[in-house]
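Working notes for the structure below.
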Amino acid sequence: MKEAFAPRVTVQLPPDTMVTHPDELPELVHLNDPAMTVFTDFTREHPATIRPSASIDSALERMKHSAICVLLVIDEDQRLLGEIIADDIMGDKPVRMTESTGLDHSEITVKMLMIPRERIRVLEFEQLRTARVGHIIATLHALESRYVLVMENGSIRGLYAASQISRQLGSSIVELEAPAHSFAEIVHSLG
């Protein structure tokens, strides 16, 4: 049985009609500006996610299409399982995996290369209310990471990304080389 739906009443637009847009991030920020000015808030934009069974090639395509370097790995119930980053997909991890397992590159899944949830460090949203952009940069440097997730009430609320902060600061905050932690790393970096 079909329901009868009556059309809604329409009105003519006034000449000064504006179009509503979400709040824009400020074009230029400074180290002492509130950290929220560089925050990617998942209550305002959808997080980039992927399933663990997806191929790393499809993960990299999604990253390129979305211009991001991290995907949240989620299960069917939207629970966080881990994260996968572009550096791991484009680095030597897939090569080592194909050599050690005999798998073809196209058979490598996100689950095989992802950083598991247990190893992910996050900020708590509540502590960010008084934080400044400089605090976030210091945190990223301390973590030696290009991004950090933010949690609120047991759920991932958003993230801070070095690329976004760099764009808004007008200069790169990413150190080109991570500091060496051992003599072997120093020797390796010298070739």
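Within the stretch 69-96, being in a loop (DSSP other than H, G, I, E, B), of a type outside the set (A, V, I, L, M, F, W, C) and closer than 16 Å to D57 by Cα holds for G91, D92.
Would you confirm, using the coordinates I've provided, whether S100 is under 16 Å from H46 (Cα atoms), of a type in the set (S, T, Y) and out of contact with any helix residue (DSSP H, G or I) (no Cβ under 8 Å at 6 or more places or on another chain)? It is false that S100 is under 16 Å from H46 (Cα atoms), of a type in the set (S, T, Y) and out of contact with any helix residue (DSSP H, G or I) (no Cβ under 8 Å at 6 or more places or on another chain). The single condition among (1) over 25 Å from Y147 (Cβ atoms); (2) surrounded by 10 or more Cβ atoms within 10 Å (Cβ to Cβ); (3) not small (G, A, S) that Q12 does not meet is (2).
Taking the stretch 89-111 as the search range and keeping residues that are without any contact (Cβ under 8 Å) to a residue 40 or more places away in the chain and open to solvent by 90 Å² or more (accessible area, probe 1.4 Å), which one is nearest to I50 (Cα to Cα)? Step by step, filter the stretch 89-111, then rank; the result is M90. Output the residue which, of all residues in the stretch 27-42 that are in a loop (DSSP other than H, G, I, E, B) and either touching a helix residue (DSSP H, G or I) at 6+ places or on another chain (Cβ under 8 Å) or open to solvent by 90 Å² or more (accessible area, probe 1.4 Å) (or both), is nearest to L103 (Cα to Cα). Taking the candidates together, the pick is F39.
Where strands (runs of 3 or more DSSP E) sit wholly within the stretch 97-191, none has at least 1 residues that are in contact with a Cys (Cβ under 6 Å, 6 or more places away or on another chain), at pLDDT below 90 and closer than 26 Å to L80 by Cα.
Across the stretch 134-152, which residue is nearest to V73 (Cα to Cα) among those that are more than 17 Å from the chain's Cα centre (by Cα) and in contact (Cβ under 8 Å) with a residue 24 or more places away in the chain?
Applying the first criterion (more than 17 Å from the chain's Cα centre (by Cα)) to the stretch 134-152 yields 134-135, 138, 142.
Checking the rest, the ones that are also in contact (Cβ under 8 Å) with a residue 24 or more places away in the chain come to 134-135.
Working: G134: 29, H135: 27 Å.
Within the stretch 134-152, the match that is nearest to V73 (Cα to Cα) is H135.
Filtered by the rule that a residue be open to solvent by 20 Å² or more (accessible area, probe 1.4 Å), in contact (Cβ under 8 Å) with a residue 60 or more places away in the chain and closer than 18 Å to R121 by Cα, the stretch 43-84 gives P47, C69, L80.
I need the full set of residues from the stretch 136-151 which are in contact with a helix residue (DSSP H, G or I) (Cβ under 7 Å, 6 or more places away or on another chain) and either of a type in the set (A, V, I, L, M, F, W, C) or surrounded by fewer than 16 Cβ atoms within 10 Å (Cβ to Cβ) (or both), in order please.
Hits for the stretch 136-151 are I136, I137, L140, V148, V150, M151.
Of everything listed in (1) more than 15 Å from the chain's Cα centre (by Cα); (2) buried (at least 16 other Cβ atoms within 10 Å of the Cβ), the single unmet condition for M114 is (1). Mind checking which residues of the stretch 83-117 are within 26 Å of S163 (Cβ to Cβ) and among the acidic types (D, E)? E83, D87, D88, D92, listed by residue number. Taking each residue of the stretch 1-27 that is at pLDDT 75 or above and looking for partners that are open to solvent by less than 100 Å² (accessible area, probe 1.4 Å) and not in a loop (DSSP other than H, G, I, E, B) with beta-carbon atoms closer than 9 Å, six or more apart or interchain, yields E27/Q168. Quick check on the stretch 51-71. Is at least one of its residues in contact with a helix residue (DSSP H, G or I) (Cβ under 9 Å, 6 or more places away or on another chain) and among the basic types (K, R)? Yes, there is a match, as at least one residue in the stretch 51-71 is in contact with a helix residue (DSSP H, G or I) (Cβ under 9 Å, 6 or more places away or on another chain) and among the basic types (K, R).
The values are calculated or read from the model by the stated rules, or taken from the named source; none is laboratory data. Values in this document were obtained by computation on a predicted structure and should not be read as measured data. Please note: Cβ atoms are built from the backbone with ideal geometry, for glycine as well, and neighbour counts cover all protein chains shown. Just so you know, the surface numbers come from the protein's heavy atoms only, side chains and all, with ligands and any DNA or RNA stripped out. Shrake-Rupley method; radii C 1.70, N 1.55, O 1.52, S 1.80 Å.
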